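These notes concern the structure reproduced below.
Each reported figure results from applying straightforward, stated rules to the coordinates on display, with no laboratory input. All values derive from a computational prediction rather than experimental measurement. Heads up, the Cβs are rebuilt from the backbone with ideal geometry, glycines too, and the neighbour counts pull from every protein chain shown.
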Amino acid sequence: LIIRRQDYLPPAWLVPEIALDFALGLDATHVTAKLNVRRNPDGNGASVLRLNGDQLAPVAVRIDGQAVNDWRLDGPDLLLDLPGEAHQVTIETQLNPAANSQLMGLYASHGMLCTQCEAEGFRRITFFPDRPDVLSTYRVRMSGDKAAFPILLSNGNCEATGEGPDGTHWAEWYDPWPKPCYLFALVAGDLVANHDSFTTRSGREVALNIWVRKGDEGRTQHAMDSLKHSFRWDEEAFGREYDLDLFNVVAVSDFNMGAMENKGLNVFNTRYVLADPDTATDGDYDAIEGVIGHEYFHNWSGNRVTCRDWFQLSLKEGFTVLRDQMFSADMGSPAVKRIEDVRVLRAAQFPEDSGPLAHPIRPDSYQEISNFYTATVYNKGAEVIRMMRTMAGPERFRAGTDLYFDRHDGEAATCEDFVKAIEDGAKLDLTQFRRWYSQAGTPQVSIVADHRDDTLVLNMTQVVPATLNHGGEGQPEKQPVPIPLKLALFDRETGTHRGEQLIVLDQAEQRFVFEGHSRPPIVSINRGFSAPVAIEFERPAKDLVFLAAKDDDAFARYEAMQSLVVRHLIAVVGGNLDERARNAERGAIAEAFGAVLFDPTLDDLMRGELLILPAEGYLAEQFLVADPAAIHAEREALKAWLGDAMKDDWQDLHDRVSAAPYSRDAAARGARKLKTQALAYLAAGAPAEAKTRAIVQYRKADNMTDRQGALMVLAGLDGAEREEALADFHARYAGNALVIDKWFSLQAGSLHPKVLEHVRQLAEHPDFTMNNPNRVRALYMAFAVNAKGFHAASGEGYKIIGDLIRRLDPINPQTAARFVPSLGRWRRIEPKRAAQMRAELERIAAEPSLSRDVLEQVTKSLG
Ligand code: ARG
Ligand code: ZN
């Protein structure tokens, strides 16, 4: 069944109020839902009320207090024929949360009960019009065993509590803000909290609680600090204030995604809450800050203004990702944050855009909405809004978002509403820009520079590639989009430029003329990654070396470094370089590395960014048909050459940064980042030296960043030290699920020649379970992105992922479906492997009762 955007109809009935009563139990929860329904004046006037359900049977149905038996089921949905204008509909359902392995709806996790309703989980709790344009106020009463569930939480404010019979107690919650059912949440369990408070700029005192299982409370301070920073930042950056007296966050260890923005009751995957120096890396700390911010910012971009339908998902997700990116940039290093965000986009979104699952940031159709929580909707969605901000400038953009929040507060809005508000508020003509919402595919920009007399001409073309979207609609023809490009022209003698300018490429072919340059300038373009496009621009290596060493835009510097390496690796993989040319290019790369290593103006966090080699997935993207083994081998060869040729530099660097004591400040984090990078280059070029140093680094480590870095290097090397370190790490952190996840990931992602065997063994390890998504991802996602193992010539890597999908689908279809895209890339892989990948997809497709989630991804991938 395909759902289409153009088929949207307003609901026939509204539900202004709902009262829910939960009699809680881990394996039996009884739900009574009282819905006050009212005919929608803007609806189609139908008398039938459709209440969505999913694996539910009604225990009882009453209309205006009278039991009725003439209800009908239409598939999973409950249909009621209602005359007149308004009624009270009461429905009772019975659930078994302990048996809910999908983790959608109400489920049990380590003795606690919690919910996940976005996108369509509420229909697994009670029959309801489960669509985001039906907004209700929620009154929630819950009762349960006081010993098992001492803490009872829901959205809004707690209005009353009391004791019940037989050791039970109850609580009643009321949320005054009308919301769609995907924002409903309930949590019941034995939890402890980190309590704090925040006073908003207008003087509202908000109680903040971060709820965790006993024993975890010592690892919540960073999340609490991030939360308070988020509250403050949204007031300052977007003028958004919190609107309740209470804000609860609950950490849950069984969770399909990162976190969920339920009104006043955010539910988080533990990995985005818990941190201390001994168990969390610097990357973990950053991710917590980002996700805490993201969910908090949803209170306005998502909750106060929600989505009309799920095709509008990017309205809240793209915008909220942009907001969390800006927040993290302001909390730390904007330059480093921008580079990291681009790296994520290129690693996750570019391949999506060029594969069988390509879709616009506002999709036109879907079968299962869970499959559309993608890098395209989230990260490209953020880039699209960022471009509006770049074109408008920060002040006018802010006027646009102020207008958007003001105009649509309390509404279920569309992406078009957002664009219109920015257009009106920021005074920007976005007529053509709207194509970014409707067209899939990464625009390809080609640039040819022509310098004559004292004039530079940049001849540019853009092509938005056809996306055939096999099995889906497909978009064979595309129109040009406005592409804002920040640009600076460096004089190659003085090394300076006359200021950054913004040009907008909005035609298929366009000339840009720059006068007054007696020498051909060095062009720095798409500075700050001002547009999410791929750029082809032939130029001499020395120009890239110049930019890598001297560009005053941090992203452009990183980009020059990446280009230098990318074009070199494309050439060697293509067999297009003889020995001399290869050595010359390696020399240029080493020169650029040297400039970065010894540049006193760089901080170490930024230095670390510049030393990262382009990811294998991004390299594969550069080929129409890629040979992953060749890409891997050549990338490793370059790494080994750099490791060996610059051995002394890496050792000096490792010595220098190893002296820094642990702290969370930028300098110390930069030092830790370089520490493991130096080790990794040494491991490739001088493995004996690397091993000695890694063992010392592991033993001396007083924090997880250093310890994990050393273990990662050791896990890729042979020998008894590897086994000893892995055993030590496992024993040291026994019982800490998040750290044991790292133990699985390090091995599954390692460069060790026996990685396939290791993954098979790890799947049998007593700590492995298919029922915990974090553990499944720790083992198998790490493996699926490990090109060496996943693309093993035998095809065994594909089989491992294929087997996983088939085994996981009946347990947790949403998580299972997330693994399909790795196999779905077969058309872009060399023929022998492509056939093996395709065969694996066919084996999955042949399963008798696949979930809608996996079925959609597999059929689209097969085409
Ligand atoms: N809205 C959440 C976030 O991005 C994601 C929840 C998606 N959950 C799901 N089961 N599809 O913050
Ligand atoms: Zn979100």
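Structure data summary
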{"read-out": "Failed item in (1) surrounded by fewer than 24 Cβ atoms within 10 Å (Cβ to Cβ); (2) within 16 Å of ligand 2 (Cβ to nearest atom); (3) aromatic (Phe, Trp, Tyr), with PHE327 passing the rest", "value": "(1)"}
{"read-out": "Among the residues listed as ASN256, ASN262, ASN303, the single one being of a type outside the set (Asp, Glu), more than 24 Å from ASN194 (Cβ to Cβ), in a loop (DSSP other than H, G, I, E, B) and touching a helix residue (DSSP H, G or I) at 6+ places or on another chain (Cβ under 8 Å)", "value": "ASN256"}
{"read-out": "Filter result (over 19 Å from HIS632 (Cα atoms) and part of a loop (DSSP other than H, G, I, E, B)) within region 753-784", "value": "GLU764, HIS765, PRO766, ASP767, PHE768, THR769, MET770, ASN771, ASN772"}
{"read-out": "Selection count, region 272-287, where residues are in a helix (DSSP H, G or I) and buried (at least 24 other Cβ atoms within 10 Å of the Cβ)", "value": "1"}
{"read-out": "Number of the exception - THR374 against (1) β-branched (Val, Ile, Thr); (2) under 27 Å from PHE537 (Cα atoms); (3) within 16 Å of ligand 2 (Cβ to nearest atom)", "value": "(2)"}
{"read-out": "Region 132-179, subset of a type in the set (Ser, Thr, Tyr) and buried (at least 19 other Cβ atoms within 10 Å of the Cβ), residue farthest from ALA108 (Cα to Cα)", "value": "SER136"}
{"read-out": "Residue list for region 239-260, restricted to those being buried (at least 20 other Cβ atoms within 10 Å of the Cβ) and either touching an Asp or Glu at 6+ places or on another chain (Cβ under 9 Å) or closer than 15 Å to SER328 by Cβ (or both)", "value": "ARG240, TYR242, VAL249, ALA251, ALA259, MET260"}
{"read-out": "Hey, GLY53 under 17 Å from ARG124 (Cβ atoms) and either surrounded by fewer than 16 Cβ atoms within 10 Å (Cβ to Cβ) or of a type outside the set (Lys, Arg) (or both) or not", "value": "yes"}
{"read-out": "Qualifying positions in region 352-374 - hydrophobic (A, V, I, L, M, F, W, C) and buried (at least 20 other Cβ atoms within 10 Å of the Cβ)", "value": "LEU357, ALA358, ILE361, PHE372"}
{"read-out": "Residues that are farther than 28 Å from ILE422 by Cα, within 14 Å of ligand 1 (Cβ to nearest atom) and not hydrophobic (A, V, I, L, M, F, W, C), drawn from region 223-270", "value": "ASP254, ASN256, GLY258, ASN266, ASN269"}
{"read-out": "Complete set of residues in region 310-333 that are more than 16 Å from ligand 1 (Cβ to nearest atom) and without any contact (Cβ under 8 Å) to a residue 40 or more places away in the chain", "value": "ALA329"}
{"read-out": "Among residues of region 727-752, those that are exposed (fewer than 14 other Cβ atoms within 10 Å of the Cβ) and either among the charged types (D, E, K, R) or in a loop (DSSP other than H, G, I, E, B) (or both), counted", "value": "3"}
{"read-out": "Extreme residue, nearest to PRO482 (Cα to Cα), among residues of region 503-551 that are among the polar types (S, T, N, Q) and under 34 Å from the mean Cα position of the chain (by Cα)", "value": "GLN507"}
{"read-out": "Single residue of ALA275, ALA287 found to be among the small types (Gly, Ala, Ser), over 24 Å from ASP130 (Cβ atoms) and within 16 Å of ligand 1 (Cβ to nearest atom)", "value": "ALA287"}
{"read-out": "Output for region 478-502, where each listed residue is part of a loop (DSSP other than H, G, I, E, B) and within 29 Å of the chain's Cα centre (by Cα)", "value": "LYS478, GLN479, PRO480, VAL481, PRO482"}
{"read-out": "Test result for TYR296, hydroxyl-bearing (Ser, Thr, Tyr) and more than 23 Å from ARG398 (Cα to Cα)", "value": "no"}
{"read-out": "Tabulated pairs, region 684-703, first touching a residue at least 60 places away in the same chain (Cβ under 8 Å), second in a helix (DSSP H, G or I), C-beta under 9 angstrom, 6+ apart or interchain", "value": "ASN703/ASP282; ASN703/ARG672"}
{"read-out": "Residue pairs meeting the criteria (Cβ under 8 Å; at least 6 apart or on separate chains; first in contact (Cβ under 8 Å) with a residue 60 or more places away in the chain and charged (D, E, K, R), in region 259-275; second part of a helix (DSSP H, G or I) and away from ligand 2 (no atom under 12 Å from the Cβ))", "value": "ARG271/ASP284; ARG271/ALA287; ARG271/LEU738; ARG271/ASP741; ARG271/ASN774"}
{"read-out": "Some residue of region 57-73 being within 30 Å of THR414 (Cβ to Cβ) and not basic (Lys, Arg)", "value": "no"}
{"read-out": "Candidate set from region 687-726 (those that are among the basic types (Lys, Arg) and surrounded by fewer than 24 Cβ atoms within 10 Å (Cβ to Cβ)); member that is farthest from ASP655 (Cα to Cα)", "value": "ARG722"}
{"read-out": "Cβ-Cβ under 7 Å pairs, at least 6 apart or on other chains, region 287-301 side farther than 15 Å from TYR272 by Cα and within 11 Å of ligand 2 (Cβ to nearest atom), far side charged (D, E, K, R) and part of a helix (DSSP H, G or I)", "value": "PHE297/ASP234; PHE297/ARG323; PHE297/ASP324; HIS298/LYS316; SER301/LYS316; SER301/ARG323"}
{"read-out": "The lone exception for VAL545 - which of (1) under 27 Å from LEU322 (Cα atoms); (2) touching a residue at least 40 places away in the same chain (Cβ under 8 Å) it fails", "value": "(1)"}
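Residue by residue, here is whether (1) of a type in the set (Val, Ile, Thr); (2) more than 26 Å from ARG123 (Cβ to Cβ); (3) out of contact with any Gly (no Cβ under 8 Å at 6 or more places or on another chain) holds:
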site	(1), (2), (3)
ASP166	no, yes, yes
TYR174	no, no, no
PRO180	no, no, yes
ASN194	no, yes, yes
SER197	no, yes, yes
